[in-house]
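These notes concern the structure reproduced below.
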Amino acid sequence: MKKHIVFLTVIVGLLVFNSCKKENDSVSPLTNSTSLELTIKNNIGNSISGASVKLYASGIDRSNKTNQVGTTQFSDASGKVVFNELSNIKYYFLVEKDCQNNINGGVTTTSALIANKTTVLDIILSETGTLKFVNTSSNPYRVYINGSVAFDMNGGTTKYENYMSTGFYSIRVLQLSGYLFTATDKTYTGTLGCGQTMTVTFP
């Protein structure tokens, strides 16, 4: 009788074990829930819908617009986009809407995302335009933008400065060589509008 009881106990134990094992086997592994939620706003705090948002894993990729992570998303009516199933690394993003973008503001998560958490950030867009410089002489010039040295230009060259903040600009050009007595030193002024190009042709 005792043998039968022991035998039945073993059989019941095996059935319970196999039942539990099958139940556990049917449970799918945890999915990656590391996410990034961005809310796109203008400089007065209003949400921007329809802004394109591209995600990158490095600053170089963002600058070169290469190796984009996932697909481009567009902010909804509340200005939000959400990227799911991300790695717990630092991400960079490029956000654009017409002549507004985040180039002069927040372009990165500043630190790695926390695994299986949602990182929430507000992204402020600003209006930008392009400064175009044309050196029509054969001599080199040094270019100052709003009082600070920006770059040197060789003779007969053209240079573009993209994603410049809109507003008033004072451009000084100083001749570096090719003069007999006095170097050409001129200052040009103008206002750069949103999406516009302000051209400075010198000397």
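Data overview
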quantity	calculated
Which of T191, L176, N135, positive extreme of dipole for segment 41-200 (C-beta unit charges)	L176
Histogram of C-alpha separations across segment 128-202, 10 Å bin width, %	20, 53, 22, 4, 0
Ranked list, fewest to most other Cβ atoms within 10 Å of each Cβ, for S58, S170	S170, S58
Packing-based ranking, highest mean first, of 142-152, 78-88 given that Cβ atoms within 10 Å are counted	78-88, 142-152
Share of pairwise Cα separations in segment 35-124, more than 15 Å, in percent	54
Estimated distance in nm for a label pair at E37 and S111, the labels positioned 7 Å out from Cα along Cα-to-Cβ	1.9
Average Cα contact separation per residue, segment 128-202, under 8 Å, 6 or more apart, as relative contact order %	41
Which listed pairs, of K90/K159; K132/K186; K65/K90; K54/K132, have C-alpha distances above 22 Å, in listed order	K90/K159; K54/K132
For segment 35-124, share of DSSP beta bridges that run antiparallel, in % to the nearest 5	70
Signed unit charges on C-beta, dipole axis of segment 67-169, positive-most listed residue T157, N67, C99	T157
Packing-based exposure ordering (other Cβ within 10 Å, fewest first) of L113, L38	L113, L38
Ranked Y179, Y92, criterion: other C-beta atoms within 10 Å, fewest first	Y179, Y92
Candidate aspartates and glutamates for bridging to K80, where Cα separation is under 15 Å - those fewer than 8 sequence places away on the same chain excluded	E37, E96, D122
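Quick note: the coordinates plus some simple rules give every number you see, no bench work behind them. For clarity, every value in this text was computed on a predicted model and none was experimentally measured. As a convention, Cβ positions derive from the backbone with ideal geometry for all residues, glycine included, and neighbour counts pool all protein chains shown.
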